[in-house]
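Let me begin by presenting the structure, written as structure tokens, before commenting on it.
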Amino acid sequence: MLVLVAPGQGAQTPGFLTPWLDLPGAAERLAAWSDAIGLDLAHYGTQADADAIRDTAVAQPLLVAAGLLSAAALGDVTPGAVAGHSVGEITAAAFAGVLDDTAALTLVRKRGLAMADAAAITQTGMSALLGGDPDTTVAHLEKLGLTPANVNGAGQIVAAGTLEQLAALEADKPEGVRRVVALKVAGAFHTVHMAPAVEALAKAAEDLTPADPRVTYVSNRDGQTVASGTEVVSRLVGQVANPVRWDLCMETFQKLGATALIEVCPGGTLTGLAKRALPGVTTLALKTPDDLDAARELIAEHGAA
């Protein structure tokens, strides 16, 4: 059984879309999306520097566009399940047919702008903690006033809060944690600091007409499968200020009988977690079009097309 997943913010790197735009129809598709949301996705995906694409309002639509472009290049694929990490959930909603591509990009553009505005209120950030016992780590973070914003499994938890709280974490790591790594994001996503963005996104969601998922959709709020398009959108809205439970998503993949996992562009982060947490599951990250042939072979073996 094949699982198709989409990464979240921080996966983008300068120029990562360049090779994808050489594929037939890709540049035209990206141009149409750019016109629809008022953002030059080709420029940001091929020419902009790391600081420019770190901007939340840019990074989020760029990541969703990249995921949709790379998935389209695979052909007509029907995975056994789909899921996304953070903003990748909007990409996954498009994979599942809950939203069409333009609706997904319109929503993510509004999401990025709303979260950028919320992040500007207080100086906040996120740091990944590697190693340690999850319960011990979460208790330590709460003692410091930090939120375990991403519980990713495979020995990784991401803390979020003010810059002062994150500095205190650097000086006082939880027992067993090997490293604390600051992430290239512009705010404390999936925490109470994003509450203003939830309100803005709820208003934006009123314009949507979601369909029920055509394939199994796994929500990163709690790792549960969701069969209602309206419920998927409701979770997309609330997720902005709630922790991501990718660990529970991977547990669900296992229960569903996953045998292969493909991470769309810019892949790497989620396949890395899966390699550690899902032994026996074959993984593949779509980084460039050079990975497409291997991905198609994996689909032929584990999925339906």
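So here's what we get for this one:
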item	result
Flag for residue 60 being at pLDDT below 95 and buried (at least 24 other Cβ atoms within 10 Å of the Cβ)	no
Qualifying residue in the range 234-241 (condition: open to solvent by 10 Å² or more (accessible area, probe 1.4 Å), modelled with pLDDT of 95 or more, within 17 Å of the chain's Cα centre (by Cα) and among the basic types (Lys, Arg))	yes
Among (1) touching a Pro at 6+ places or on another chain (Cβ under 8 Å); (2) more than 22 Å from residue 235 (Cβ to Cβ), the one test that residue 158 misses	(2)
Condition met for residue 50 (modelled with pLDDT of 95 or more and open to solvent by 50 Å² or more (accessible area, probe 1.4 Å))	no
So residue 288, is it touching a helix residue (DSSP H, G or I) at 6+ places or on another chain (Cβ under 6 Å), on the phi < 0 side of the Ramachandran plot and either free of Cβ contacts under 8 Å to residues at least 60 places away in the same chain or hydroxyl-bearing (Ser, Thr, Tyr) (or both)	yes
Any hit, the range 206-216, residues being part of a strand (DSSP E or B), in contact with a helix residue (DSSP H, G or I) (Cβ under 9 Å, 6 or more places away or on another chain) and closer than 30 Å to residue 303 by Cα	yes
Considering residues of the range 229-274 that are charged (D, E, K, R) and in contact with a Ser or Thr (Cβ under 6 Å, 6 or more places away or on another chain) only, the residue farthest from residue 111 (Cα to Cα)	263
Filter result for the condition that a residue is open to solvent by 40 Å² or more (accessible area, probe 1.4 Å) and in contact with a Leu (Cβ under 7 Å, 6 or more places away or on another chain), over 245, 179, 214	179
Any chance residue 187 is touching a His at 6+ places or on another chain (Cβ under 7 Å) and part of a loop (DSSP other than H, G, I, E, B)	yes
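The values are calculated or read from the model by the stated rules, or taken from the named source; none is laboratory data. Remember, it's a predicted structure, so these values are computed and weren't measured experimentally. Glycine also receives a Cβ, built like all others from the backbone with ideal geometry; neighbour counts cover every protein chain displayed. The accessibility values were calculated without ligands, DNA or RNA, using every heavy atom of the protein model including side chains. Shrake-Rupley method; radii C 1.70, N 1.55, O 1.52, S 1.80 Å.
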